[in-house]
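To start, the structure itself, in structure tokens.
Computed from the coordinates by the stated procedures, all read-outs in this text should not be read as laboratory data. A quick note: this is a predicted structure, and the numbers were derived from the prediction, not measured. No Cβ is skipped: glycine too gets one built from the backbone with ideal geometry, and neighbour counts run over all protein chains shown.
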């Protein structure tokens, strides 16, 4: 029988799980101090909730689950859509929106949510990408002000630093700024998303590539130069001059947006002075999800080509479930990416009680129990084969020391390896 | 839009997750000290691995996942079975067997596995039963001797005691004993499982019910009385007389089985003297899973009508995946049942920074940051509505104290409730 995990999925061995658990415990402790409360939603959601939730491409990747009680041979002409009623969640934001709508009366206001768990996407398998992977999100629901944005950024940079990722840079922009930029460039609204997709590629294809793409999108040379000039002029502005420069470059930008961005900039500037952290306004930052409505942000780290966390404000998503809009802002840590970046600081404290076959099980267990009393990890292992070879295997399996137990008693504890 | 979770599933709110996390952390710490290493397998497995793995009734409850790339209208006469290639796991033992077969070369021998996570069964929804629920298993793979059984029982009773469930009773039996009992009763082998199913009900239907069922299974009155006499005579035997009494009652029982049971009995007796724990030999203990081959056990607690943990030896299951038999023994904690039994010791240490609307976000965040420095959970909450009513809500949401922040500065920290 083929024993490999299902295509595109993977087994996590003890060493990998230990790293993941360590990273998760570290992040959880930071978020706990910020008052984020962990919730869990079911892996399965009704299909109509997963569809039409602006998940874009992700909706095409949903694993669909067969209804129960179907006949084994289907009637002619049955559409596939009628065979399924459930799907596996492809992110944690759609389930959170449903959760909030369903449980709102019992939740604090604002509600600080912390979620971590697997999501599933039937993507084409490729190196380092899996069809089941963890997401790790915090969200603040019910807070309209930039306190939400700033706190989410503060908590997430602190969580990343606690895992060992210091020296991060926070990039900030705003969907409302992007809209004003697109309007100013003279594009009709249906063409804005296309502009944003192109701008988002600036890191990869440079200004030359962006200029070429924009001209295929129907912008004239003059429009493109004006846009490029605006963007270049705004890139990397600090807290001192951000609102002024934005107002000058885009006179139609509302006072609210300017005030929000200036308040975020001031608070981020303060954080950056206190911690090992940079921040910048990035006018080409887009973030893919169509549901963002206000500030958007991401965190980058020199060791990773992609961002290590991303998020933003989405004030209209919950309303689609609840019927009433609820201000909402979230930040998602790229859990799998961070685990890959950090790797394993192998802990070698486990003790093996290596017992000879003639030792009664009860005696091996008694010796283990005594050694375990001070909190150490202790396991009996039966003596087998060549002694030196077995010590090598114990070391390979992660044991740090051993006690050799013969019928006439236990020897001194001895360290493994380290020579 | 209907916002209830998918039928038979549930949302877990912060208070419920806090209890679950606490129980899980407690169990994990005990199992860590015994050297059990956490692994994770994907939620999805190929259907042919889930089917035919002696999961019995559970196999009928598998959530089946549609293949990707199907046409939206299916050709006439397509069997449902051809539409699916994956299923959600219904337990953690089948995936563990596949995992062990696939990763054996990289694993210690014996391998002490710890798994915790959701499984899915499309059961008829009923009170207290969910279609997604957690299982929490330890397994020792590669150890043929009763050291495995005894250690699993020791570790699991310790884990349960650590969560607060002391005063447990361990019930022990052996599938090989049950087979000898059935043979002695004069039943042909195909009828043994029926006998076991009936015996398993003794707790519920009493001897009268068992006698009635056994006569419908074709046993004569004389056979039934002999069986009842044997069982009654063996019930509750202690470590001193177990092997002798078994050998006398069932002369065909092999020396190996007697020696195993006597060794377990001795070790459990020793444990029972050291800890707040009872154990007994229970000749009517069956445990449902068809894959058990040797000793079986469960743990009961006065506060729960069903068992709180169960397990046994299954030396033939991994061989079905691997082609070679591997000795294996496992113990599964009824995680959901234990969480229900324990409920919540509500922790009320979180601090609210209740800031007036005119206070800048940065200042509210600054005050929260200072209070958070000593490790406490601190969250800004905007002042809103009547003061007394808001304090009531803060208390209801689990905050233990608050700092009231006005434009002219922060007040003293004050406790909430407790009066």
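Of note:
- Peptides A:265-276, B:256-267, A:65-76, B:137-148 ranked from most to least packed give B:137-148, B:256-267, A:265-276, A:65-76, packing being the mean of other C-beta atoms within 10 angstrom over each peptide's residues.
- Label spacing, shortest first and in nm, from residue B:415 to its equivalents in the remaining copies (7 angstrom along Cα→Cβ): 5.0
- The Kirkwood hydrodynamic radius of the stretch A:129-213, based on inverse pair distances between different Cα atoms, is 16.3 Å.
- Fewest-first ranking of B:120, B:397, A:207, using other Cβ atoms within 10 Å as the exposure measure: A:207, B:397, B:120
- For chain B, the Stokes-Einstein estimate of translational diffusion at 25 °C and a viscosity of 0.890 mPa s comes to 98 µm²/s, using the Kirkwood hydrodynamic radius over alpha-carbon pairs.
- Inter-label distance for residue A:105 and residue A:241, nm, one decimal - labels placed 7 Å from Cα along Cα-to-Cβ: 5.5 nm
- Other-copy label distances relative to residue A:273, 7 angstrom Cα-Cβ extension, nm: 7.1
- Under the simplified labelling scheme, the residue A:356-residue B:57 pair shows an inter-label distance of 5.1 nm, with each label point 7 Å from Cα along Cα→Cβ.
- The stretch A:290-374: Cα Rg divided by the 2.2 N^0.38 Å rule of thumb: 2.16
- When only Cα pairs below 8 angstrom with a gap of at least 6 residues are kept, chain A shows a relative contact order of 16 percent.
- With bins 5 Å wide beginning at 0, the percent of Cα pairs of the stretch A:111-254 falling in each bin runs 2, 7, 13, 15, 15, 16, 14, 12, 6, 1.
- Chain A Cβ-axis minimum, rotational copy B, residue and distance in Å: A:76, 2
- Shielding by partners for peptide A:6-18, expressed as the average number of C-beta atoms from other protein chains within 10 Å of each residue's C-beta, is 6.
- Average Cα contact separation per residue, the stretch B:350-415, under 8 Å, 6 or more apart, as relative contact order %: 45 percent
- Calculated Rg and Dmax of the stretch A:130-179 using C-alpha coordinates, Å: 13.7, 36
- Shielding by partners for peptide A:87-99, expressed as the average number of C-beta atoms from other protein chains within 10 Å of each residue's C-beta, is 2.
- Dividing the summed helix terms, -39500 (n - 2.57) for each DSSP H run of n ≥ 4, by the number of residues in the protein assembly as shown produces a 222 nm estimate of -12000 deg cm²/dmol to the nearest 500.
- Structural descriptor for the stretch B:300-361: relative contact order 27 percent, calculated from alpha carbon pairs under 8 angstrom and at least 6 residues apart.
- Base-10 log of normalised Debye intensity for the protein assembly as shown (one unit scatterer per alpha-carbon) at q = 0.05, 0.08 Å⁻¹: -0.34, -0.82
- With R₀ set to 22 Å, the beta-carbon distance separating residue B:205 from residue B:304 gives a calculated FRET efficiency near 0.70.
- Modelled FRET efficiency - R0 51 Å, residue A:389 with residue B:348, Cβ distances, 0.05 increments: 0.35
- Inter-copy spacing of residue B:197 label points, which lie 7 Å from Cα along Cα→Cβ, given in nm from shortest upward: 5.9
- Fraction of the pair-distance distribution of the stretch A:35-163 above 19 Å, Cα-Cα pairs, percent: 60 percent
- P(r) tail, the stretch B:210-252: Cα-Cα pairs separated by more than 14 Å, 54% of all pairs.
- Scaled against 2.2 N^0.38 Å for its residue count N, the alpha carbon radius of gyration of the stretch B:350-415 is 1.01.
- A convex hull fitted around the alpha carbon atoms of the stretch A:171-325 yields 128 Å³ per residue.
- Look at the stretch B:262-273: the mean tally of other chain Cβ atoms within 10 Å of its residues' Cβ atoms is 2.
- With the simple spin-label model, which puts each label point 7 Å out from Cα in the Cβ direction, the residue A:72 to residue A:48 separation comes to 3.2 nm.
- FRET efficiency for the pair residue B:193 and residue B:413, taken as 1/(1 + (r/R0)^6) with r the Cβ-Cβ distance and R0 = 56 Å, rounds to 0.30.
- Solvent-free Debye calculation, one equal scatterer per alpha-carbon of the stretch B:309-419: log10 I(q)/I(0) at 0.11 Å⁻¹ equals -0.53.
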